[in-house]
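The values are calculated or read from the model by the stated rules, or taken from the named source; none is laboratory data. All figures in this text were calculated on a predicted structure; none of them were measured in a lab. Virtual Cβ from ideal backbone geometry, glycine too; neighbours counted across all protein chains shown.
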Amino acid sequence: MKKIVSLVLSLALVLSCLSFAAAESTGSVYYLNFKPEQAQQWEDLAKAYTAETGVQVTVVTAASGTYEQTLASEIVKEDAPTLFQVNGPKGLATWKEYCADLSGTELYKNVKSDDFVLKQGDAVVGIAYVIETYGIIYNKDLMAKYIGLENAKIADVAEINNFETFKAVVEDMQARKDEMGIMGAFTSAGMDSSSDWRFKTHLANMPIYYEYQADGIGDTDAIKGTYLDNYKKIWDLYINNATCEPSMIGAKTGSDALADFVLGDAVFYQNGTWEYGNCINEGMTDEQLGMLPIFIGVEGEENQGLCTGSENYWCVNGKASAEDQAATIAFLEWCTTSDAGRDAIANKMGFLTPFKSFDDGYVANNALIAAADEYIAAGKTSVSWNFPTMPSENWKNGVGVALLAYAQGTGEWSAVVDAFVNGWAAEAAAAK
Amino acid sequence: MEKALKKWWPLFILPTMAAFTIGFLIPFVWGLYLSFCEFTTVNDAVWVGLNNYVLAFTDPSSYFTHSLWYTALFSVVSTVIINILGLTVAILLVRGIRGTNIFRTVFFMPNLIGGIVLGWLWQVLINGVLAKYGVTIVTNEWYGFWSLILVMTWQQLGYMMIIYISGLQSIPEELMEAASIDGANAWQTLRFVKLPMLMPSITICTFLTITNGFKLFDQNLALTNGMPPESRLMALDIYNTFYGRTGWAGAGQAKAVVFCIIVVAIALLQQKLTHSKEVQQ
């Protein structure tokens, strides 16, 4: 009997120790970060904040492509993330029950416009913290080399302001690739999952954007596919003028495309401002990097600029304790107003933010962002990011599968149209 | 002593039972419950009855029914190939040829590499070879199928070989001697002595390979990532359903329950079939 008593007592002791250890914190921050590229910078920033204020900040970064899974399992825990991210309206639909209203905070008042927040009724539930731009990144040295060739199609890169001119240049480069010393005009249009989002999501934004513009809408349950012929034109251009055969793109990865570009094997590379760090780390210089809009042959596209928007919104966990929520908001306000926070976000992470407080001297040092700014300064209309309104991951995958099949010759273009239009309707109906 | 054991046995199995309950029973029952719910996170669920099961089978863009037979075919083919090769290698390596231990180690080693790493390595290798013929592993679902077979065979061969070797070594010398005195040739010895004596090993090995085939996920993800969608095995299809659409976690869970029932049923059937062929020494 004594033994049992002592056993029970010691067990009780152990359990009570555990529960005391868990219950001591008052107001801490747990940030589940989406961007692995900036994991280290966030951890450094968290340490600096803890050193300054004594508030515990934990930063955990989900592995690339596993954010939703990680969030779903982390948020049910006792110590759930107090700060997490959604990618836009569709992501918000999943997590709306968990998003606190931020409309009364200084953080929200610091945002330049409501274009950069997610709202639910009057409640502000998500705030974008990085504005990004994508287009067709090009190698300025190689472009100059092309222009220097005899009978080049253009005399200045500014002449590329519509699809026809761009196509003529690309095809001419491809035909004269030995003369240029390149393997192809475009980097490989890889359809491996590390790269396929460039086409099934970012490139697919172009026909969606023009359809929304034509119809004067911002979201739909039934896409018509008015501009899918244009989508086909640009896809054909990508796959037929690249460093590899169209049949091989199923095996090509994001790193393959980056390698093509930084090694000077290809002139054009569809990607965004976030690739700046990768290009520089691989030995390119600011002077070599330029960005062109993605022209798809739509009437009036001479005034089209680059694609600018955000798919990174901060959300504060409304189910966390009040102290934790307050601590989280305080941390975000510190990040966006203090010198250390602004320096880290603008200079170390290289983010362009929508916050007013960054205007006085905290502009990201990023040649690709500078290129994007030039288009805005020249009065070009930026293409908005409409891909967050795509109905589901399943839809993107369906389009990706059809794009790949078409490229490698195992499927017809009609399958892309079917996946795009009918797939959209089916996925919109299936989403809840 | 024996009396004390009778009295205290619950205490002794407590650690194992606790681990089993926490790590298996509770999640399993919870998962079963969730398959009848609509949910975003596991403790935020609303009861919706059989709705998820209807969705699982009627989802127009799903490859669930396709993945059923594709997985079954994969399981059968991989089971046959792995076991025949595993047994062959085992028989060769109990003959005491030079370097037996090195060979055994080499054959066993792939088993120590994790599925994702293995899948990725082979994806690069296979794509490298296929590139010569202008195709890739995702050109159609059969490239993915045979690549999976290749990778799984390479990985599991050594493991099954070890089981067969131990089975072969436990066959009594007298039996083999008696067989040779009776004038049995190599084939007859194999067919009428070794194989019947090996039935317990065969039961285990076929059980492992069949269930491994059905449950396969990592290699499928790393090799083709379910491209084209016809190359998705059941586990990957469930994963895609779970994360592919807002609000479809429940349907994914329902598929997982169906999947579990199928795997258990097949495993039980296989156990019964091979177990009945086992002989007593």
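Key figures
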| read-out | value |
| --- | --- |
| Enumeration of residues in region A:327-356 that are buried (at least 17 other Cβ atoms within 10 Å of the Cβ) and of a type in the set (Ser, Thr, Tyr) | A:328, A:336, A:353 |
| Yes/no for residue B:142 being surrounded by fewer than 21 Cβ atoms within 10 Å (Cβ to Cβ), of a type outside the set (Lys, Arg) and closer than 20 Å to residue B:71 by Cβ | yes |
| Residue among A:96, A:112 that is within 12 Å of another protein chain (Cβ to nearest Cβ) and basic (Lys, Arg) | A:96 |
| Given (1) of a type in the set (A, V, I, L, M, F, W, C); (2) assigned to a helix (DSSP H, G or I); (3) in contact with a helix residue (DSSP H, G or I) (Cβ under 7 Å, 6 or more places away or on another chain), index of the condition residue B:106 fails | (3) |
| Residue A:145 without any contact (Cβ under 8 Å) to a residue 40 or more places away in the chain, basic (Lys, Arg) and either touching a helix residue (DSSP H, G or I) at 6+ places or on another chain (Cβ under 8 Å) or assigned to a helix (DSSP H, G or I) (or both) | yes |
| Pick from region A:246-268, criterion outside any helix (DSSP H, G or I) and within 12 Å of chain B (Cβ to nearest Cβ), ranking: surrounded by the fewest Cβ atoms within 10 Å (Cβ to Cβ) | A:253 |
| Any hit, region A:76-83, residues being at negative phi, surrounded by fewer than 19 Cβ atoms within 10 Å (Cβ to Cβ) and assigned to a helix (DSSP H, G or I) | no |
| Residue in region A:389-428 that is farthest from the other protein chains (Cβ to nearest Cβ), counting only those that are touching an Asp or Glu at 6+ places or on another chain (Cβ under 6 Å) and part of a helix (DSSP H, G or I) | A:389 |
| Selected residue (criterion: farthest from the other protein chains (Cβ to nearest Cβ)) from residues of region B:195-244 that are outside any helix (DSSP H, G or I) and among the polar types (S, T, N, Q) | B:224 |
| Test result for residue A:298, in contact with a strand residue (DSSP E or B) (Cβ under 7 Å, 6 or more places away or on another chain) and under 22 Å from residue A:204 (Cα atoms) | no |
| Enumeration of residues in region A:89-129 that are of a type in the set (Gly, Ala, Ser), part of a strand (DSSP E or B) and farther than 17 Å from residue A:358 by Cα | A:123, A:126 |
| Filter result (within 10 Å of chain B (Cβ to nearest Cβ) and under 19 Å from residue A:320 (Cβ atoms)) within region A:84-93 | A:91, A:92 |
| Matching residues in region B:35-57 - criterion: being more than 12 Å from every other protein chain (Cβ to nearest Cβ), among the hydroxyl-bearing types (Ser, Thr, Tyr) and assigned to a loop (DSSP other than H, G, I, E, B) | B:35 |
| Residues being of a type outside the set (D, E, K, R) and surrounded by fewer than 17 Cβ atoms within 10 Å (Cβ to Cβ) - total across region A:214-240 | 6 |
| Residue match in region A:129-150 (condition: within 30 Å of residue A:98 (Cβ to Cβ) and among the charged types (D, E, K, R)) | yes |
| Test: residue in region B:61-84 that is in a loop (DSSP other than H, G, I, E, B), out of contact with any Pro (no Cβ under 8 Å at 6 or more places or on another chain) and β-branched (Val, Ile, Thr) | no |
| Unmet requirement for residue A:165, which otherwise passes all of (1) surrounded by fewer than 22 Cβ atoms within 10 Å (Cβ to Cβ); (2) closer than 19 Å to residue A:289 by Cβ; (3) among the hydroxyl-bearing types (Ser, Thr, Tyr) | (2) |
| Residue count for region A:40-63, restricted to those that are within 20 Å of the chain's Cα centre (by Cα) and surrounded by fewer than 16 Cβ atoms within 10 Å (Cβ to Cβ) | 3 |
| Residues of region B:212-237 that turn out to be touching a Lys or Arg at 6+ places or on another chain (Cβ under 7 Å) and surrounded by fewer than 24 Cβ atoms within 10 Å (Cβ to Cβ), as a count | 1 |
| Lone qualifier among A:364, A:378 - being farther than 19 Å from residue A:276 by Cβ, surrounded by fewer than 22 Cβ atoms within 10 Å (Cβ to Cβ) and more than 14 Å from every other protein chain (Cβ to nearest Cβ) | A:378 |
| Residue match in region A:130-141 (condition: assigned by TED's automatic domain parsing to the domain that holds residue A:292 and either part of a helix (DSSP H, G or I) or over 26 Å from the mean Cα position of the chain (by Cα) (or both)) | yes |
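Matching residues to (1) modelled with pLDDT under 85; (2) part of a helix (DSSP H, G or I); (3) away from every other protein chain (no Cβ under 14 Å):
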residue	(1), (2), (3)
B:13	no, yes, yes
B:24	no, yes, yes
B:30	no, yes, no
B:33	no, yes, yes
B:91	no, yes, yes
B:98	no, no, yes
